[in-house]
Amino acid sequence: MKELFGSIRRNALGLSLFAIVTAGVIAVAQTTTADRIKANIRAAEARALNDIIPQSAYNNALLSDTLLLTDHFDTALLGPIADGALAYRARQDGEAVAVLLPVVAPDGYTTNIDMIVGIRPDGSIAGVRVVAHRETPGLGDKVDRRKSDWIEGFNGTSLNDPAEEAWAVKKDGGAFDQFTGATITPRAVVNAVHKALTFYAANHEKLLYLKGDDTDGE
Ligand SMILES: Cc1cc2nc3c(=O)[nH]c(=O)nc-3n(C[C@H](O)[C@H](O)[C@H](O)COP(=O)(O)O)c2cc1C
């Protein structure tokens, strides 16, 4: 009897140890995966910033001239935003060149579409890039600049150009092309760019001129 209890206790101890080690391994794997995903998104964001505003167009420390959106703004107009989302400011000799906003389109075909929207001080679009998405290859993924130049169609647009009611895909009576067999993804991106412009219109003074969180004296 005594031996039986001893064996059960040993088994239970063994199982507990196994559970603890397994939980630890999973936790470490999840952290490293999460860190890797974060690092990938940061790298994609940095590429997007450079694509939208070429380095020759600004001479401030773009990556440090930032505002943590949740600290300084009511982000309701932007809709959902990622944790730690930063607005970046590009300046040439102190003069604002563009504000670059991280924007999330929550209504993609598959899931969120993460984007950077660059807006010039006059409220016109400097450029838009999708930095992370899981839309279907050959259908929704044409919003990705590496797959098609559709996203360039936003360049130079603003809240009034096209007119308010034309901020939609053509199928919905708007100015922007949808793709053959894929309307949901471009519709989501058009809506998100429009939201970024609305947010900019309501907050442009602060977005352009508020001292950054980490400005390195810029
Ligand atoms: C497997 C599969 C994947 C699809 N992927 C996308 C996609 O990534 N983006 C998209 O807009 N539509 C995608 N569609 C098509 C949509 O279901 C929808 O038919 C299309 O966007 C047209 O939308 P509409 O009816 O609002 O015009 C996919 C359909 C299937 C069957």
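The values are calculated or read from the model by the stated rules, or taken from the named source; none is laboratory data. All values reported here derive from a predicted model rather than from experimental measurement. Cβ atoms come from the backbone with ideal geometry, glycine included; neighbour counts cover every protein chain shown.
Some points to look at:
- Residues in the stretch 187-204 include none that are away from the ligand (no atom under 16 Å from the Cβ) and touching a His at 6+ places or on another chain (Cβ under 7 Å).
- Residue satisfying all of: in the stretch 144-176; among the charged types (D, E, K, R) and away from the ligand (no atom under 12 Å from the Cβ); nearest to the chain's Cα centre (by Cα) among these: R145
- Count - residues of the stretch 79-98 that are touching a Phe, Trp or Tyr at 6+ places or on another chain (Cβ under 9 Å), surrounded by fewer than 23 Cβ atoms within 10 Å (Cβ to Cβ) and among the hydrophobic types (A, V, I, L, M, F, W, C): 2
This table checks each residue for (1) out of contact with any strand residue (DSSP E or B) (no Cβ under 9 Å at 6 or more places or on another chain); (2) assigned to a loop (DSSP other than H, G, I, E, B).
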site: G156; (1), (2): no, yes
site: P186; (1), (2): no, no
site: V189; (1), (2): no, no
site: A202; (1), (2): yes, no
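- Contacts under 7 angstrom Cβ, first residue in the stretch 179-196 being in contact (Cβ under 8 Å) with a residue 12 or more places away in the chain, partner of a type in the set (K, R) and more than 7 Å from the ligand (Cβ to nearest atom), 6 or more apart: F179/K142
- Flag if P121 is at pLDDT 95 or above, under 24 Å from T66 (Cβ atoms), of a type outside the set (K, R) and in a loop (DSSP other than H, G, I, E, B): yes
- Given (1) assigned to a loop (DSSP other than H, G, I, E, B); (2) exposed (fewer than 13 other Cβ atoms within 10 Å of the Cβ), index of the condition L62 fails: (2)
- Hey, G212 assigned to a loop (DSSP other than H, G, I, E, B) and either within 16 Å of the ligand (Cβ to nearest atom) or touching a helix residue (DSSP H, G or I) at 6+ places or on another chain (Cβ under 6 Å) (or both) or not: no
- Selection count where residues are buried (at least 19 other Cβ atoms within 10 Å of the Cβ) and out of contact with any helix residue (DSSP H, G or I) (no Cβ under 6 Å at 6 or more places or on another chain), scope the stretch 152-167: 1
- Number of residues in the stretch 127-176 that are of a type in the set (D, E) and under 18 Å from K195 (Cα atoms): the value is 5.
- For the condition more than 14 Å from the ligand (Cβ to nearest atom), outside any helix (DSSP H, G or I), buried (at least 19 other Cβ atoms within 10 Å of the Cβ) and of a type in the set (D, E, K, R), R129 qualifies.
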